[in-house]
Amino acid sequence: MNRTQSIITKYFKNSDLNVGEYIALGGFEALKSVFKNGKDYVISELKESGLRGRGGAGYPTWKKWDIGRNRAADEKYIICNADEGEPGTFKDRELLEKVPYQIIEGMIISGYVFGAKLGFIYIREEYAHLQIKFNEAIKMVKEHGFLGQNILDTGFDFTIKVFSGAGAYVCGENSSLVESMEGRAGRPRLKPPRIGEKGYLGKPTLVNNVETLAAVPAILSYGGKEYGRFGTEKSKGTKLISLCGNVKNPGTYEVPFGITLREIIYDIGGGIEEDKELKFLQLGGASGALMPKQLIDTKYDYEDLAGKGFQVGSGAIVVADETNSIIDFLKTVQDFFFHESCGKCTPCREGKRQLSKILTRISEGNATVDDLKNVEKIAKTMKYASFCGLGQTAPSAILSAIKYFSSELCNTVEGICPYY
Ligand SMILES: Cc1cc2nc3c(=O)[nH]c(=O)nc-3n(C[C@H](O)[C@H](O)[C@H](O)COP(=O)(O)O)c2cc1C
Ligand code: SF4
């Protein structure tokens, strides 16, 4: 099996393509094929491809689009989610930098299938330079007749606007994102109704991740069935990963699902910096669990990872060598979530405050056995009782550390450790 693939990333080698070059290389051919073959063709190709949303939840894209397109409404919207707030994740930034036209093509196709005339791309504030670049790309695409009124004489009108996030991690969650676009504080909504039914301005709204949308024209050009041959039976195709931390060759790579983590770290990533020992990986960003080195022969796909308590999530793979302290790592992760909690629900708001305090005591050598007991209790309460995915996943690193690195935590207290 080839370690990396170039389907979604096929234009990465042609750095900084302008719109004319993109078209000359086959750009917008997928859109033309959609206008020619119709919406059913898109749904069936996406179904064959097995594409699942790349924003973290992994919901089948064809299903989301199929349900959405059949919802009648006077107005509908599509949103490309470029909030990319998960620490350790940078693959959407790479797509925005290298292939804005491919993302735009994916957005036009999604707008056409969903029945929207207006689409937004919600780009995180920290990517301010990419907001400028994306606005220029939109202008160029419009000049070439793929955006605006009556696109390619099909009668389809479509406009794209750039919306700037304001730097909150929770705004990557689709209902908080819509709340913030409507001018309110970015806090998640109670669901149902889901955003697909009642989203931006109360209208049906289709939210997809940058990678998902960039994958659509690439898959239509490559062929859904052919794309679906990569990967495993249930996790079909390829995934962009953000490989970083103590690895020799950090970067964004497109890998087929089913590759092992060992192959990712040692063959693609070149191994651990300064040839040190691997200690653990954090999968799926700061909200992901810590995988100890003895599990790195696990296959990288939705099912194999979930079976062992891990997740693909955003595609981040943070590599930590033997010199990293679990306590310091947990503290850094928890401080991030303490800062990012929106404050709406008690388990997350208060849980994070308490976890941060206790982890500080642990890192300063002032913790007690009761502190360790409380860490586990609070982490479990947050996991099961928080209102949204942020609070539910924030304690993943802690709970996995209790499972795999208990001795390091136990060594910080006097007395009988509750984790043994
Ligand atoms: C706390 C939180 C943060 C999220 N951040 C992002 C993000 O930065 N980008 C993203 O695409 N999805 C993010 N999501 C997932 C979105 O809610 C949503 O599922 C996704 O954008 C749907 O697109 P997809 O079907 O293409 O994956 C986040 C979810 C949660 C709970
Ligand atoms: S879990 Fe609760 S406090 Fe935390 S971000 Fe979600 S809604 Fe806000």
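Tabulated values for the structure
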{"read-out": "Residue 45 in a helix (DSSP H, G or I) and either more than 16 Å from ligand 2 (Cβ to nearest atom) or at positive phi (or both)", "value": "yes"}
{"read-out": "Odd one out for residue 63, checked against (1) without any contact (Cβ under 8 Å) to a residue 60 or more places away in the chain; (2) touching a Phe, Trp or Tyr at 6+ places or on another chain (Cβ under 9 Å)", "value": "(2)"}
{"read-out": "The range 108-125, residues that are touching an Asp or Glu at 6+ places or on another chain (Cβ under 6 Å) and farther than 15 Å from residue 84 by Cα", "value": "117"}
{"read-out": "Residues of the range 326-367 that turn out to be of a type in the set (D, E, K, R) and more than 16 Å from ligand 2 (Cβ to nearest atom), as a count", "value": "5"}
{"read-out": "Filter result for residue 370 (away from ligand 2 (no atom under 16 Å from the Cβ), among the charged types (D, E, K, R) and more than 23 Å from the chain's Cα centre (by Cα))", "value": "yes"}
{"read-out": "Candidate set from the range 71-82 (those that are buried (at least 23 other Cβ atoms within 10 Å of the Cβ) and of a type in the set (A, V, I, L, M)); member that is farthest from ligand 1 (Cβ to nearest atom)", "value": "78"}
{"read-out": "Residue among 133, 142 that alone is in the same structural domain as residue 87 (by TED's automatic domain parsing) and over 18 Å from residue 78 (Cβ atoms)", "value": "133"}
{"read-out": "Residue tally, condition within 18 Å of residue 314 (Cβ to Cβ) and surrounded by fewer than 22 Cβ atoms within 10 Å (Cβ to Cβ), over the range 255-281", "value": "1"}
{"read-out": "Boolean, residue 57 is modelled with pLDDT under 95 and within 30 Å of residue 166 (Cα to Cα)", "value": "yes"}
{"read-out": "Selection status of residue 208, out of contact with any helix residue (DSSP H, G or I) (no Cβ under 8 Å at 6 or more places or on another chain) and within 12 Å of ligand 1 (Cβ to nearest atom)", "value": "no"}
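Per-residue answers, yes or no, for (1) touching a helix residue (DSSP H, G or I) at 6+ places or on another chain (Cβ under 8 Å); (2) within 25 Å of residue 174 (Cβ to Cβ); (3) outside the structural domain of residue 106 (by TED's automatic domain parsing):
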site	(1), (2), (3)
3	yes, no, yes
7	yes, no, yes
28	yes, no, no
39	yes, yes, no
50	yes, yes, no
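The values are calculated or read from the model by the stated rules, or taken from the named source; none is laboratory data. Quick caveat: nothing in here was measured; it's all calculated off a predicted structure. Please note: Cβ atoms are built from the backbone with ideal geometry, for glycine as well, and neighbour counts cover all protein chains shown.
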